[in-house]
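First up is the structure itself, then whatever we jot down about it.
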Amino acid sequence: MMIIKYPEKVLRQKAKPVGKITREIFDLAEAMTTTMLENNGVGLAANQVGSLFNLFTINLKPFADKPEPIVVINPRVIKKYEDSEEDEEGCLSFPGLFLHIPRYKYIVLHYQNLYNEKIIIEAEGLVARAIQHEYDHLNGVLFIDYITEKEREKLNEYHSNLNTV
Ligand code: ZN
């Protein structure tokens, strides 16, 4: 699938809840999983491929030889705890841009899978970071919205490169 790049408007749109799990949802989730893994992404949200369904994919084992992708439908972050930590973060919709973004270290996420089961998972570190990042995407929020003054220059440079291509 083609990954939609910033500043396309769909990246600022809010996702709509998924009702019945249809063939369309299955196919979308499968294609997104493949696209995420092919691009070495830890996560991918539906609006990054031009869909407004409220779902994202995450690779729970980003450092392992064998990935463990999951499909997260109608997610809700129900708990975030421990101090936030800052680390470098990228986004498949912003190729080449890496920013230090603060995120919570641990989160608890409530979601549905493709089989309509209600699932609760706890995540930490990079996976927790990726979940917060994808969850934001579904609300039209992008990682550049958290930028610190220190890195503002990096973003300005990214913008001016966009304008010259
Ligand atoms: Zn992203």
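Pairing each residue of the range 81-94 that is under 22 Å from Val108 (Cα atoms) and touching a residue at least 24 places away in the same chain (Cβ under 8 Å) with any residue that is more than 8 Å from the ligand (Cβ to nearest atom) and assigned to a strand (DSSP E or B), provided the two are 6+ apart or on different chains, yields C-beta distances under 7 Å for Tyr81/Tyr104; Tyr81/Tyr106; Glu82/Tyr104; Glu82/Lys105; Glu82/Tyr106; Asp87/His100; Glu89/Leu99; Glu89/Ile101. Would you confirm whether any residue within the range 52-63 is more than 18 Å from Val141 (Cβ to Cβ), at pLDDT below 95 and exposed (fewer than 12 other Cβ atoms within 10 Å of the Cβ)? Looking through the range 52-63, at least one residue is more than 18 Å from Val141 (Cβ to Cβ), at pLDDT below 95 and exposed (fewer than 12 other Cβ atoms within 10 Å of the Cβ).
Restricting attention to the range 1-52, the residues being over 20 Å from Val127 (Cβ atoms) and within 16 Å of the ligand (Cβ to nearest atom) number 20.
Only residues that are in a loop (DSSP other than H, G, I, E, B) and in contact with a Lys or Arg (Cβ under 9 Å, 6 or more places away or on another chain): list them for the range 49-63, please. Result: Leu52, Asn54. Taking the criterion of being within 15 Å of the ligand (Cβ to nearest atom), farther than 21 Å from Thr33 by Cβ and in a helix (DSSP H, G or I), the residues of the range 114-165 that qualify are Phe143, Ile144, Asp145, Tyr146, Leu155, Tyr158. Can you tell me which residue is nearest to the ligand (Cβ to nearest atom) among those in the range 64-93 that are loosely packed, with under 13 Cβ neighbours inside 10 Å and in a loop (DSSP other than H, G, I, E, B)? Step by step, filter the range 64-93, then rank; the result is Glu68. When you scan the range 41-60, do you find a residue that is among the hydroxyl-bearing types (Ser, Thr, Tyr) and touching a strand residue (DSSP E or B) at 6+ places or on another chain (Cβ under 7 Å), even just one? Within the range 41-60 (the criterion being among the hydroxyl-bearing types (Ser, Thr, Tyr) and touching a strand residue (DSSP E or B) at 6+ places or on another chain (Cβ under 7 Å)), the answer is yes, since at least one residue qualifies. Residue pairs whose Cβ atoms lie under 9 Å apart, sitting 6 or more positions apart in sequence or on different chains, and linking a residue in the range 125-139 that is without any contact (Cβ under 8 Å) to a residue 60 or more places away in the chain to a partner that is in a helix (DSSP H, G or I) and away from the ligand (no atom under 11 Å from the Cβ), are Asp136/Asp145; Asp136/Tyr146.
Identify, please: which residue in the range 10-33 is surrounded by 14 or more Cβ atoms within 10 Å (Cβ to Cβ) and in contact with a strand residue (DSSP E or B) (Cβ under 8 Å, 6 or more places away or on another chain) and is, among those, nearest to Asn139 (Cα to Cα)? Filtering first and then ranking leaves Ala15. Quick one: Arg76 ticks every box in (1) at pLDDT 95 or above; (2) farther than 14 Å from His137 by Cα; (3) of a type in the set (D, E, K, R) except a single one, so which number is it? The failed condition is (2). What are the pairs, 6+ residues apart or on separate chains, where a residue within the range 35-59 that is under 21 Å from Gln112 (Cα atoms) has its Cβ under 8 Å from a residue that is among the aromatic types (Phe, Trp, Tyr) and away from the ligand (no atom under 12 Å from the Cβ)? Close Cβ pairs satisfying both conditions: Ala46/Phe53.
The values are calculated or read from the model by the stated rules, or taken from the named source; none is laboratory data. The model shown is predicted, which means the values in this text are computed figures rather than measured ones. Every residue, glycine among them, receives a Cβ derived from its backbone with ideal geometry; neighbour counts consider all protein chains shown.
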